[in-house]
1. Go through (1) of a type in the set (Phe, Trp, Tyr); (2) within 18 Å of THR102 (Cα to Cα); (3) buried (at least 16 other Cβ atoms within 10 Å of the Cβ) and name the single condition TYR64 misses.
2. Enumerate the helices (runs of 4 or more DSSP H) found wholly within the chain, keeping only those where 1 or more residues are modelled with pLDDT under 95.
3. From (1) closer than 19 Å to CYS99 by Cβ; (2) surrounded by 13 or more Cβ atoms within 10 Å (Cβ to Cβ); (3) hydroxyl-bearing (Ser, Thr, Tyr); (4) touching a strand residue (DSSP E or B) at 6+ places or on another chain (Cβ under 8 Å), pick out the condition that doesn't hold for THR51.
4. In the range 39-63, what residues are under 14 Å from the mean Cα position of the chain (by Cα) and not aliphatic (A, V, I, L, M)?
5. How many residues does the range 70-92 contain that are charged (D, E, K, R) and either surrounded by 19 or more Cβ atoms within 10 Å (Cβ to Cβ) or in contact (Cβ under 8 Å) with a residue 40 or more places away in the chain (or both)?
6. Hey, can you tell me all the residues within the range 31-59 that are of a type in the set (Gly, Ala, Ser) and either closer than 16 Å to SER84 by Cα or touching a residue at least 24 places away in the same chain (Cβ under 8 Å) (or both)?
Amino acid sequence: MKQSDIHNIIRSIVAGLIDRNYEKVYENDYGKRLTAQEIKEGVEDYPGIITDFPNSAFSLMRLYRNTNTNCDIDFPLWYDHKRSDLTMVCNIKLINNECRYTIQDILVQ
């Protein structure tokens, strides 16, 4: 799995969160650990408005490669155009030659 694949998945998830399209984020989640409502609450209960992040945010991401086709990610979310202390924890893996994700948690770190 390439670094660019991981970045694209993160961008896709965050775009869905910014658009408040929690159902779509949930539908695309292969593991369905969190419900669409839990994802919504995780994002909207935090003060401020979730916003897009700069490319430099990828340097803040914690990446744990489990195998060549499976990794865990801790990615800081941005609110009101600033880094927040809210983190999205997810797993990304290659399934049938397609990169897929599951959101494991959205939490304050």
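1. The number of the failed condition is (3).
2. Details: elements: 3-18, 22-27, 36-44.
Fully inside the chain and qualifying: 3-18.
3. (1)
4. First, pick out the residues of the range 39-63 that are under 14 Å from the mean Cα position of the chain (by Cα): 39-40, 42-43, 50-53, 57-58, 60-63.
Those that are under 14 Å from the mean Cα position of the chain (by Cα) and not aliphatic (A, V, I, L, M): LYS40, GLY42, THR51, ASP52, PHE53, PHE58, ARG62.
5. Qualifying residue count, the range 70-92: 0.
6. Matches in the range 31-59: GLY31, GLY42, GLY48, SER56, ALA57, SER59.
The values are calculated or read from the model by the stated rules, or taken from the named source; none is laboratory data. Worth saying up front: this structure is predicted, and the values here are computed from it rather than measured. Here the Cβ is made from the backbone with ideal geometry for all residues, glycine too, and neighbour counts use every protein chain on show.
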